[in-house]
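The values are calculated or read from the model by the stated rules, or taken from the named source; none is laboratory data. Just so you know, these numbers come straight off a predicted model, no measurement behind them. Quick reminder, even Gly has a Cβ in these numbers, built from the backbone with ideal geometry, and neighbours come from all protein chains shown.
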Amino acid sequence: MSSSKDYLEFILEQLCELDEISYRAMMGEYILYFRGKIFGGIYDNRFLVKNIESARKLLPNAHLELPYRGGKEMLLIEDPEDREFLAQLVGSMCDELPLPKKK
């Protein structure tokens, strides 16, 4: 099952407090970037973020889910309604995230 463009637009609207949010469509899903770094994505209409220490601190009870078969477990954002929290979460992740690999 692929993700809907409507759900992508909803999540992007929820992240509007952050500058430099972008996305890339990939095989019916969407990879999300903050300042050029991948922090999460939308998979089967689920908003998932990378399972890194800074995210785990803010989401201590989050469920781990696979974005796709064979993928690494990610943290599920169960309630994406709180814009302030999402901005804090993604902002806190930025320093810990690696820069994209050069092609």
Open item on the list: Checking the structure you have, find out if any residue of segment 65-74 is modelled with pLDDT under 95 and of a type in the set (S, T, Y).
Closed with: yes
TODO: May I ask you to list the residues in segment 51-70 that are within 25 Å of K5 (Cβ to Cβ) and touching a residue at least 24 places away in the same chain (Cβ under 8 Å)?
DONE: P67, Y68
Task: Checking G40 against (1) at pLDDT 95 or above; (2) small (G, A, S); (3) more than 19 Å from E81 (Cα to Cα), the condition it does not meet - done: (3)
Task: Candidates L64, L89 - the one that is among the aliphatic types (A, V, I, L, M) and surrounded by 13 or more Cβ atoms within 10 Å (Cβ to Cβ) - done: L89
Task: Single unsatisfied condition, R83 versus (1) surrounded by fewer than 16 Cβ atoms within 10 Å (Cβ to Cβ); (2) free of Cβ contacts under 8 Å to residues at least 40 places away in the same chain - done: (2)
TODO: Report the residue count in segment 16-50 for those that are under 10 Å from the mean Cα position of the chain (by Cα) and touching a residue at least 24 places away in the same chain (Cβ under 8 Å).
DONE: 13
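Would you say I42 is closer than 21 Å to R56 by Cα and either surrounded by 19 or more Cβ atoms within 10 Å (Cβ to Cβ) or touching a Lys or Arg at 6+ places or on another chain (Cβ under 6 Å) (or both)?
Taking the combined requirement at face value, the residue satisfies it.
Go through segment 59-93 and count every residue that is more than 17 Å from I11 (Cβ to Cβ) and not polar (S, T, N, Q).
Residues that pass the stated criteria total 10.
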